[in-house]
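Right, one structure below, let's go through it.
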There are 2 protein chains.
Amino acid sequence: MLSILDLRARISAGSLTPAGAIDLCREAIAARDPGIGAFVALDPDPAIPQEGPLSGIAVGIKDIIDTATLPTQLGSTIYEGWRPRADAAVVARLKERGAVALAKTTTTAFASSDPTETRNPHDPGHTPGGSSAGSAAAVGAGMLPLALGTQTAGSVIRPASYCGCAAIKPSFRLIPTVGVKTFSWALDTVGLFAAGVGDLAFALAAITGRDGIDIGAAAGPRIAVVRQDFAEAPEPAAEAALARARTAAERAGARLTDLTLPQELAEAWERHRFIQDFEGRQALGWEYRHHRDALPPLVRGVLDGGDAIAPAAYDDARRHAHRARRVLKDLFGEVDAILTFSAPGPAPETLASTGDPRFNRLWTLMGVPCVNVPVPGDGLPVGVQVIGRFGGDGQALAVARSIEGALRG
Amino acid sequence: MLSILDLRARISAGSLTPAGAIDLCREAIAARDPGIGAFVALDPDPAIPQEGPLSGIAVGIKDIIDTATLPTQLGSTIYEGWRPRADAAVVARLKERGAVALAKTTTTAFASSDPTETRNPHDPGHTPGGSSAGSAAAVGAGMLPLALGTQTAGSVIRPASYCGCAAIKPSFRLIPTVGVKTFSWALDTVGLFAAGVGDLAFALAAITGRDGIDIGAAAGPRIAVVRQDFAEAPEPAAEAALARARTAAERAGARLTDLTLPQELAEAWERHRFIQDFEGRQALGWEYRHHRDALPPLVRGVLDGGDAIAPAAYDDARRHAHRARRVLKDLFGEVDAILTFSAPGPAPETLASTGDPRFNRLWTLMGVPCVNVPVPGDGLPVGVQVIGRFGGDGQALAVARSIEGALRG
């Protein structure tokens, strides 16, 4: 994979120019993308800033995120050829920091579940996951050092796990969603894909202007291993990855305990979809009213379902989520991080499904930072998920980095 | 003014058609708008639904809210001629319920503070307030029965007070902001202007599908009169309006007490601008980076200020707001509503300022429902503000309605 930290070191040392770093990406895309299909648009001649912490870093932007210089088509024929006026806030910020918006990456329609044509870079018969399919595949295949995704259920962490790259879904609204097509305003979260956890920390610090994110300490952290027993059990490969990550964390000096989550969290998890689908039906009200027949079947079904959710069920789900956030906050008084599954297993052998977000939904609803750490192994990639307290993105990244280091060492 | 309930009664009785009700608005606009300037676009031939609780109701839509059928120019030359692809969620919902998106109304640039050319319908030498200038003026002048605004500091309640119409800033995100240009994602709230409180309750229930909003009971409510002493004292006209509203509420059977707000609320009030301006700088990142010179001076100054706010100051403000929301929630265990100033006085005699939101900022930050009730009097309009607990929009409207009735009776 292309590492941000590596590219930046070479640029700082003078052995690579920002334009040269962008060319590396173009060459990788030319070589690898024909078998993957991660992109819907490439900028043939982008401005390449010479300054800034992210100069020379080419970014892939999920195609539900507005760009003024490239079309934004939301994975849907309804938006064919659509050109927003402005860049989304996160895109504007990336450019301010020197990055290049080189490409738009494939997304399922409106970031829901209808698969794209993108293939898993590790095996073309398998899904790359979704909804941030192209972003995960582009980074996992070594075509880009950084990509933006969004997560409403499990659309960042799951595809990262499937494609073998690192990713973070930061604390809710740490990265603004302004200019990002809304599905659920209470859940949608912009996330990052990169080669390693250090790359994520560097990029997130640069985007947010919060230097502390990149210097979080994790000496002897208390880590709770959580199985999320309320969800159907995972496959053996996910179990094995969690066991390996646990051993690695212990080797890195962490104190590990097993934790069964309080009932309030299971109750919130069960209600995630009421919030997602009720809000989705409203957020996509124009599309549902005027272009329902042009919606692909899975998202159409979700919106039909959302149409049938009563406000009282939505309010009840929000109350449960609010209660669960308080319980989780107290829990983070006793542990520094949670370690759990990123996905039920490796990428399923199908292009007809984007996989199952059951181990991701709760954490999106809680708004807490989640990091996918790839776990080296023999078969298709599988990752584990390191979760921190709300606002503790730096610490979550530090714990994830120590586990990543111990897994590699 | 044109009343939604009155128009709907005439349509139900068969004495007016939906198209006839729209024509009444067109005639009023032709007669009155030349001296006011509330509109930036009118639809000459809109679809007019025959069914739905809002059929025959023409709506004015603040021009930071996306419409697929009319330009959306955000009060800024940067968006001259801009046409969004989709309707904002609230516009789609209004149309589903039978309403007609007849007009776009003037807004200060990006809903900040640079005045529009709109004049107060009660005296053309006075501001209509802002940022929802055109929406407040259109309803206050009797040109439309319903209009949409947004409030980030005081942009719904204040112009309603100045223009003499009823308005509600509902609980945070009760109406989705999807498709509304963001200034501050933690604050921006879509609100409604209408002739009377009953009209607001009917429209809000129709838009949200929450029938309970229109049947809130308010028998003998406990009302706390709050002066917001942390803000500079209001003018005598605002004091007089509050006193009259208090007397009216007592006459209507309410139990009134005086309340000095806990210190936590004053501390949150002081920090509102850190959240607004820090987020504004990010939300308008593209405009600030590429079109700074095209921004009018007040919003440019706000964004310059936002650029200098450190993440730590923003985080501190959010913590204070979070704490204040809990204090306020407890306070609403003891009272049913708060009664306070809507604005420091009548509309200032100037077109160079939109007035002062100092009595509105706290309540936007708290996310609680606020209703402006016009107080009949001799001079220019002045209103009072009725505030309810989060999610208690129906009760806030019921209390406001009882005060409105007692003031008229």
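The values are calculated or read from the model by the stated rules, or taken from the named source; none is laboratory data. Quick caveat, the model's predicted, so the values are computed rather than measured. No Cβ is skipped: glycine too gets one built from the backbone with ideal geometry, and neighbour counts run over all protein chains shown.
When residues in segment B:280-306 are screened for being surrounded by 15 or more Cβ atoms within 10 Å (Cβ to Cβ), part of a helix (DSSP H, G or I) and within 13 Å of chain A (Cβ to nearest Cβ), 11 of them pass.
Every condition in (1) of a type in the set (D, E, K, R); (2) buried (at least 16 other Cβ atoms within 10 Å of the Cβ); (3) closer than 19 Å to B:Phe202 by Cα is met by B:Glu51 except one, and the failing one is (2). Note on segment B:360-409: residues that are among the aromatic types (Phe, Trp, Tyr) and closer than 15 Å to B:Val335 by Cα total 1. Does segment B:64-83 contain at least one residue that is in contact (Cβ under 8 Å) with a residue 60 or more places away in the chain and in a helix (DSSP H, G or I)? Yes, that holds for at least one residue.
Here are the criteria: (1) away from chain B (no Cβ under 12 Å); (2) in contact (Cβ under 8 Å) with a residue 60 or more places away in the chain; (3) buried (at least 24 other Cβ atoms within 10 Å of the Cβ); (4) assigned to a helix (DSSP H, G or I). Tell me which single one A:Ala136 does not satisfy. All conditions are met except number (2).
Residues that are facing another protein chain (nearest Cβ under 10 Å), of a type in the set (Ser, Thr, Tyr) and touching a helix residue (DSSP H, G or I) at 6+ places or on another chain (Cβ under 6 Å) within segment B:163-182 comprise just one, B:Thr182.
In the condition set (1) at positive phi; (2) touching a His at 6+ places or on another chain (Cβ under 9 Å), B:Gly98 is compliant with all but (2). What about B:Ala166, is it more than 10 Å from the chain's Cα centre (by Cα), within 25 Å of B:Ala237 (Cα to Cα) and among the small types (Gly, Ala, Ser)? It is false that B:Ala166 is more than 10 Å from the chain's Cα centre (by Cα), within 25 Å of B:Ala237 (Cα to Cα) and among the small types (Gly, Ala, Ser). Restricting segment B:183-221 to residues that are buried (at least 24 other Cβ atoms within 10 Å of the Cβ) and among the β-branched types (Val, Ile, Thr), the residue that is farthest from the other protein chains (Cβ to nearest Cβ) is B:Val197. Out of the residues in segment A:230-265 that are in a loop (DSSP other than H, G, I, E, B) and touching a helix residue (DSSP H, G or I) at 6+ places or on another chain (Cβ under 6 Å), state the one that is surrounded by the fewest Cβ atoms within 10 Å (Cβ to Cβ). Here the residue is A:Pro262. Being more than 30 Å from A:Pro115 (Cβ to Cβ) and either touching a helix residue (DSSP H, G or I) at 6+ places or on another chain (Cβ under 8 Å) or hydrophobic (A, V, I, L, M, F, W, C) (or both) is a property that does not hold for A:Ala31.
Determine which member of the set A:Ala195, A:Ala237, A:Ala201 is of a type in the set (A, V, I, L, M), touching an Asp or Glu at 6+ places or on another chain (Cβ under 6 Å) and within 19 Å of A:Ala160 (Cα to Cα).
The conditions single out A:Ala201.
Would you call A:Gly98 buried (at least 24 other Cβ atoms within 10 Å of the Cβ) and either of a type outside the set (A, V, I, L, M, F, W, C) or away from chain B (no Cβ under 13 Å) (or both)? No; evaluated as a whole, the condition is false for this residue. Just a yes or no: is a residue in segment B:361-377 surrounded by fewer than 24 Cβ atoms within 10 Å (Cβ to Cβ), over 15 Å from B:Val156 (Cβ atoms) and in contact (Cβ under 8 Å) with a residue 12 or more places away in the chain? Yes, segment B:361-377 contains at least one residue that is surrounded by fewer than 24 Cβ atoms within 10 Å (Cβ to Cβ), over 15 Å from B:Val156 (Cβ atoms) and in contact (Cβ under 8 Å) with a residue 12 or more places away in the chain. The single condition among (1) away from chain A (no Cβ under 11 Å); (2) in a helix (DSSP H, G or I); (3) touching a Pro at 6+ places or on another chain (Cβ under 7 Å) that B:Val90 does not satisfy is (1). Kindly evaluate A:Thr67 against the criterion of being surrounded by fewer than 17 Cβ atoms within 10 Å (Cβ to Cβ) and either at pLDDT 95 or above or not acidic (Asp, Glu) (or both). Against the criterion (surrounded by fewer than 17 Cβ atoms within 10 Å (Cβ to Cβ) and either at pLDDT 95 or above or not acidic (Asp, Glu) (or both)), A:Thr67 does not qualify.
Residue check: is A:Ser55 away from chain B (no Cβ under 14 Å), under 20 Å from A:Gly209 (Cβ atoms) and of a type in the set (Ser, Thr, Tyr)?
For A:Ser55, the condition - away from chain B (no Cβ under 14 Å), under 20 Å from A:Gly209 (Cβ atoms) and of a type in the set (Ser, Thr, Tyr) - is met.
Going through (1) surrounded by fewer than 23 Cβ atoms within 10 Å (Cβ to Cβ); (2) more than 12 Å from every other protein chain (Cβ to nearest Cβ); (3) not in a helix (DSSP H, G or I) one by one, B:Ile309 falls short only on (2). Output the residues belonging to segment A:312-330 that are among the acidic types (Asp, Glu) and within 11 Å of chain B (Cβ to nearest Cβ). If the condition is that a residue be among the acidic types (Asp, Glu) and within 11 Å of chain B (Cβ to nearest Cβ), then A:Asp315 is the only one that fits.
Rundown of residues vs (1) surrounded by 22 or more Cβ atoms within 10 Å (Cβ to Cβ); (2) more than 14 Å from chain B (Cβ to nearest Cβ); (3) in contact with a helix residue (DSSP H, G or I) (Cβ under 6 Å, 6 or more places away or on another chain), yes/no style:
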| position | (1), (2), (3) |
| --- | --- |
| A:Gln73 | no, no, yes |
| A:Ile78 | no, no, yes |
| A:Glu117 | no, yes, no |
| A:Pro128 | yes, yes, yes |
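Condition check for B:Ala352 on (1) over 21 Å from B:Ala111 (Cβ atoms); (2) small (Gly, Ala, Ser); (3) out of contact with any helix residue (DSSP H, G or I) (no Cβ under 8 Å at 6 or more places or on another chain): one failure, at (1).
For segment A:258-281, the criterion of being over 16 Å from A:Ala153 (Cα atoms), of a type outside the set (S, T, N, Q) and touching a Gly at 6+ places or on another chain (Cβ under 9 Å) is met by none of the residues.
Where strands (runs of 3 or more DSSP E) sit wholly within segment A:145-226, those with at least 2 residues that are within 23 Å of B:Trp185 (Cβ to Cβ) and touching a strand residue (DSSP E or B) at 6+ places or on another chain (Cβ under 6 Å) occupy A:146-151, A:166-169, A:189-194. Kindly list the number of the only condition in (1) surrounded by 19 or more Cβ atoms within 10 Å (Cβ to Cβ); (2) without any contact (Cβ under 8 Å) to a residue 12 or more places away in the chain that fails for B:Ala337. If we test B:Ala337 against (1) surrounded by 19 or more Cβ atoms within 10 Å (Cβ to Cβ); (2) without any contact (Cβ under 8 Å) to a residue 12 or more places away in the chain, just (2) comes out false.
The set of residues in segment B:58-71 being among the small types (Gly, Ala, Ser) and within 11 Å of chain A (Cβ to nearest Cβ) consists of B:Ala68 alone. For segment B:377-386, the tally of residues that are in a loop (DSSP other than H, G, I, E, B) and closer than 17 Å to B:Ala136 by Cα stands at 2. Within segment B:272-279, the presence of a residue that is more than 30 Å from B:Glu80 (Cα to Cα), touching a residue at least 12 places away in the same chain (Cβ under 8 Å), away from every other protein chain (no Cβ under 14 Å) and aromatic (Phe, Trp, Tyr) is excluded.
Among the residues of segment A:1-24 satisfying the criterion of being under 21 Å from A:Ala137 (Cβ atoms) and part of a helix (DSSP H, G or I), which is nearest to the chain's Cα centre (by Cα)? In this case the residue turns out to be A:Ile4.
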